[in-house]
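Note sheet for the following structure.
The values are calculated or read from the model by the stated rules, or taken from the named source; none is laboratory data. Note that this is a predicted model, so its numbers are computed, not measured. Counting neighbours? That spans all protein chains shown, and the Cβs are built from the backbone with ideal geometry, glycine included. The accessibility values were calculated without ligands, DNA or RNA, using every heavy atom of the protein model including side chains. Shrake-Rupley method; radii C 1.70, N 1.55, O 1.52, S 1.80 Å.
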Amino acid sequence: LFPCLASPARGGTGKDQPLLRGPLAPRAGRLTPGPAGNAAVGKTALVQMYASEGQTFVKNYKLTAGVDLVVASRPVPDSQYVLETYFYDVGGQEVFQDLAPDFVQDANLVMIVYDVTSQESFSKCEKWFQLCRKKRGYGGKLLGCLVGNKSDLTSKKVVDHATAKAFALEGAKVMFCG
């Protein structure tokens, strides 16, 4: 689902490998990506798809009001590590835009999500990166990625892949998941 971030480990039978947690886990790590972006770009759908390993896609999401915490665990391929992922899914409506930087302040990765069928959502990505950089401090350094969502809607696509990739790599200086 997020090839530039991680992928679930699969065993030789195609079934998920068992997860070891708590004191039984030989090694564990925590990833806290902070998804941010305009309302209705699909942040909640991305988070839910990751958490359900691609099994859950609700076609009619309700806008996130405030913040939802979604936790998912995945074994790291070819290791004894378990990666616990804590997503703080913050609503993108204007009233919640001041909350997003607060939740990405301690995130190890910031995911700015835009809708490939909405030029407006792409145009606002720079603003989202600036808000997150300002809140994080560290001289504005930010480990992040730009995620183009709704790419299955090819007939409605208005944001060019090459333009978005260039913005991510050259303008925002982050990874690109398109």
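For the stretch 138-150, filtered to residues that are out of contact with any strand residue (DSSP E or B) (no Cβ under 9 Å at 6 or more places or on another chain) and either modelled with pLDDT of 95 or more or open to solvent by 30 Å² or more (accessible area, probe 1.4 Å) (or both), the residue that is nearest to SER123 (Cα to Cα) is LYS141. In the stretch 29-75, the residue that is farthest from GLN105 (Cα to Cα) out of those that are buried (at least 16 other Cβ atoms within 10 Å of the Cβ) and either more than 17 Å from the chain's Cα centre (by Cα) or among the charged types (D, E, K, R) (or both) is PRO75.
Before we move on, is THR56 β-branched (Val, Ile, Thr) and touching a residue at least 24 places away in the same chain (Cβ under 8 Å)? No: the conditions fail for THR56. Going by the structure shown, is PHE129 of a type outside the set (Lys, Arg), within 16 Å of the chain's Cα centre (by Cα), surrounded by fewer than 19 Cβ atoms within 10 Å (Cβ to Cβ) and within 15 Å of GLY37 (Cα to Cα)? In short, no.
Checking the stretch 151-172 against the condition returns a match, with at least one residue being in contact with a Gly (Cβ under 9 Å, 6 or more places away or on another chain), modelled with pLDDT under 85, of a type outside the set (Lys, Arg) and part of a helix (DSSP H, G or I). Within the stretch 103-125, if we keep just the residues that are under 16 Å from GLY148 (Cβ atoms) and either within 11 Å of the chain's Cα centre (by Cα) or free of Cβ contacts under 8 Å to residues at least 40 places away in the same chain (or both), the residue that is most open to solvent (accessible area, probe 1.4 Å) turns out to be SER123. Go through the stretch 113-128 and report how many residues are among the aliphatic types (A, V, I, L, M) and under 14 Å from THR163 (Cα atoms). Count: 1.
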